[in-house]
Amino acid sequence: MSLKKLQELSGIAPDGLFGEQTFKAGSAYLGITEHTHGVHFFAQVGHETGNFRTFTENLNYSAQALRKTFGKYFPDAETAEKYARRPEMIANRVYANRMGNGSPESGDGWRYRGRGALQLTGKDNYSAFAQAVNDPEVLDNPAIVAEKYAFTSAKFFFDKNNLWRICEEGFSRQTIEKLTRRINGGLNGIDHRVALTRKFSTYSL
């Protein structure tokens, strides 16, 4: 739905399909004026959102997945079983007392869970983004990050971390890997990211 929202805000027909027209209009709407910037930006968010389909963090983990992904917070099978398949409880445990969030009881972990094309997470980051777009509703109604600001919040991440500098190095696999590490912390899904980058590099801005 957020891709359609980007298309709507960009003044083109919201068909939910990402092609050259959306690349051009979406880049213009977001204020992306360099071809390399647009290519890398949309390739990275395209992967992170599962081809522009998912804009809210999925926390519906099994007990086994909890121990593998969040072992620090679920050190034993008994604890993991207690939280398995309970997304709100999981978020309130793993995101508590960090990133500006309060205790598990505050509900901040769930309220400020990952949203947007690059998963804006934590009260501090939501607050910084709210100031950047001058919209206090971001803190009061965090769901609008996924609904209205999915791509704007991702551009905020690129701006804040000066990732555009890496984008300007071109479209080599080495550059894509360098950018991916800054976004993902590793090389998860690198082949898909490379494929999208190569595809979008053929689009005109």
* Asked: On average over all directions, what projected area in square nanometres does the stretch 27-102 have, based on the convex hull of its Cα atoms?
  -> 7.0
* Simple label model, 7 Å out from Cα along Cβ direction - residue 172 to residue 106, nm -> 4.5
* Using only the Cα atoms, what convex hull volume per residue in Å³ does the stretch 43-182 have? -> 118
* Filter on 68/148; 24/155; 82/155; 155/199; 72/123 - keep pairs with C-alpha separation over 26 Å -> 68/148; 82/155
* Apply 1/(1 + (r/R0)^6) to the Cβ-Cβ distance of residue 161 and residue 79, taking R0 = 30 Å, and write down the FRET efficiency to the nearest 0.05. => 0.35
* To do: Scale the Cα Rg of the stretch 63-113 by the rule-of-thumb value 2.2 N^0.38 Å and send over the ratio, two decimals.
  => 1.06
* Asked: For residue 144 and residue 17, FRET efficiency with R0 = 30 Å and r from the beta-carbon atoms, rounded to 0.05?
  -> 0.80
* Hey, if you put +1 on the Cβ of every Lys and Arg and -1 on every Asp and Glu Cβ in the chain, which of 175, 45, 122 ends up farthest toward the positive end of that dipole? -> 175
* Structure fact -> With label points set 7 Å from each Cα along the Cα-to-Cβ direction at residue 72 and residue 86, the distance between them in nm comes to 2.2
* To do: Can you tell me the relative contact order of the chain? Whole percent, Cα pairs under 8 Å, sequence separation 6 or more.
  => 23
* Quote to one decimal, in nm, the extra length available between residue 9 and residue 201 on full extension: 0.36 nm per residue of separation minus the C-alpha distance between them. => 66.8 nm
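No lab work stands behind these numbers, since they all come straight from the coordinates. Computed from a predicted structure; not experimentally measured. Cβ sites come from the backbone with ideal geometry, for glycine too, and all protein chains shown count toward neighbours.
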